[in-house]
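The values are calculated or read from the model by the stated rules, or taken from the named source; none is laboratory data. As the structure is a prediction and not an experimental result, all values here were calculated from the model. In this analysis, Cβ positions are derived from the backbone assuming ideal geometry, glycine residues included, and neighbour counts consider all displayed protein chains. Ligands, DNA and RNA are stripped out before the accessible areas are found, and what is left, the full protein with its side chains, is counted by its heavy atoms. Shrake-Rupley method; radii C 1.70, N 1.55, O 1.52, S 1.80 Å.
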Amino acid sequence: MRVLGIETSCDETGVAVYDSDRGLVAHALHSQVAMHEAFGGVVPELASRDHVRRVVPLVERVLADAGLALADIDGIAFTEGPGLAGALLVGASVARALGQALERPVIGVHHLEGHLLSPLLAAPSPAFPFVALLVSGGHTQLFDVEGVGRYRLLGDTQDDAAGEAFDKTAKLLGLSYPGGPALAALAEDGRDGALSLPRPMLDSGDLDFSFSGLKTAVLTATRKEALTDGRRADIAREFQHAVVDVLVAKALAALGATGRERLVVAGGVGANRELRERLTATVEARGGAVFYPPLAFCTDNGAMIALVGALRLAGAAGGVPEAGTAARLPPESAAAGVADAQAGAFGVRPRWDLASLPAPG
Ligand code: KG4
Ligand code: ZN
């Protein structure tokens, strides 16, 4: 089964084809980072308009790279949420239109489920069950994952997400958006122990996180001394150590609490080198294993959406679904149900709880 995946939830347009027998066949991405950079963050209306410009040419490019025609596609997956409403609607519109025209099933995919299962795009890929640490710009969560759609939330952030903390701290240090990679690069030049920042909730005894206090501590540190290049690098280094300390400790605690041996790390912050090195060393020292998505699929992409679409469309139909039968997740709210009841209508879910997802089938 060949599934076309379309991701447009935020500031990257991602398109891919995933084949349930052959794996990932082709993928393409357009990042809007350069466009939003001047504004210091994502401008939602600009994001939507850029997705409109990019998505169809990207679909054409991916099909050409795969040597496929539209008629060779067995199903279409798109990011239904969470994300920016206008941006999500672009992917939803294109997916629904293609589904109608080609008479193929269309499935709305949860963006975080895409991140969560993206390590399945790597070789070797993790077997179920595993603990997943989801660290993106909007989320910092630990899940116990028993299988596709079987996700139990173990811990969550009480305020800022890890990526958000990276981005806000980077801004305080005068780095441009998106701050995570820039801050990580600056941290390379810093010295260990030049200052001390808090490790919020390190000893809270649960699996929850909090990062807003750390950001405030950085703000205080930036005012304490002249912000020379050296000082900025020292702050960046200590900030990264603090975030990584907390993420490593909580991930280990989650493995302990669930008795799982495999840890999967997904989401943009999973691209952070210090986090990867420390997690791998610590978990392997305990006889466990850590799995990451390929680096290109840590941040937003179409491949993870096509992958989830293939897994769920196959599961929903007990094999290859019949043409024209749209696999639908049950509506989360009464409002979504009303929208779905109108012929031809479709919606997106800018806010959507991952733990509410059903297993396929
Ligand atoms: O998963 P993602 O692409 O988008 C969301 O769904 O949020 O994650 C983006 C986040 C941003 O906050 C970005 O600064 C962060 O991931 N990020 C990093 C690194 N690369 C991306 N944070 C720390 N170190 C990195 N190397
Ligand atoms: Zn994402």
Residue match in the stretch 251-259 (condition: open to solvent by 10 Å² or more (accessible area, probe 1.4 Å), in a helix (DSSP H, G or I) and within 16 Å of ligand 1 (Cβ to nearest atom)): no
Filter result for GLU277 (open to solvent by 60 Å² or more (accessible area, probe 1.4 Å), among the acidic types (Asp, Glu), over 20 Å from SER136 (Cβ atoms) and at pLDDT 95 or above): no
Residue match in the stretch 37-49 (condition: open to solvent by less than 50 Å² (accessible area, probe 1.4 Å), free of Cβ contacts under 8 Å to residues at least 24 places away in the same chain and either among the small types (Gly, Ala, Ser) or within 16 Å of ligand 2 (Cβ to nearest atom) (or both)): no
Residue tally, condition buried (at least 20 other Cβ atoms within 10 Å of the Cβ) and either at pLDDT 95 or above or basic (Lys, Arg) (or both), over the stretch 127-143: 10
Tally, over the stretch 255-279, of residues that are under 17 Å from GLY155 (Cβ atoms) and without any contact (Cβ under 8 Å) to a residue 12 or more places away in the chain: 2
Enumeration of residues in the stretch 157-179 that are open to solvent by 20 Å² or more (accessible area, probe 1.4 Å) and within 16 Å of ligand 2 (Cβ to nearest atom): THR157, GLU164, ASP167, TYR177, PRO178
Considering residues of the stretch 126-150 that are in contact with a helix residue (DSSP H, G or I) (Cβ under 6 Å, 6 or more places away or on another chain), more than 16 Å from ligand 2 (Cβ to nearest atom) and not charged (D, E, K, R) only, the residue farthest from SER20 (Cα to Cα): LEU142
Hey, GLY267 closer than 24 Å to GLU146 by Cβ and either of a type in the set (D, E, K, R) or exposed (fewer than 15 other Cβ atoms within 10 Å of the Cβ) (or both) or not: no
Breaking point among (1) of a type in the set (Ser, Thr, Tyr); (2) more than 18 Å from the chain's Cα centre (by Cα); (3) open to solvent by less than 10 Å² (accessible area, probe 1.4 Å), for SER9: (2)
Residue ID - most open to solvent (accessible area, probe 1.4 Å), chosen from residues in the stretch 12-36 that are more than 16 Å from ligand 2 (Cβ to nearest atom) and small (Gly, Ala, Ser): ALA34
Within the stretch 297-314, considering residues that are open to solvent by 30 Å² or more (accessible area, probe 1.4 Å) and out of contact with any strand residue (DSSP E or B) (no Cβ under 8 Å at 6 or more places or on another chain), the one nearest to LEU134 (Cα to Cα): LEU311
Residue, nearest to ligand 1 (Cβ to nearest atom), within the stretch 260-295, restricted to residues that are in contact with a His (Cβ under 8 Å, 6 or more places away or on another chain) and either assigned to a helix (DSSP H, G or I) or closer than 18 Å to LEU183 by Cβ (or both): GLY267
Test: residue in the stretch 85-104 that is part of a strand (DSSP E or B), closer than 30 Å to ARG152 by Cβ and within 16 Å of ligand 2 (Cβ to nearest atom): no
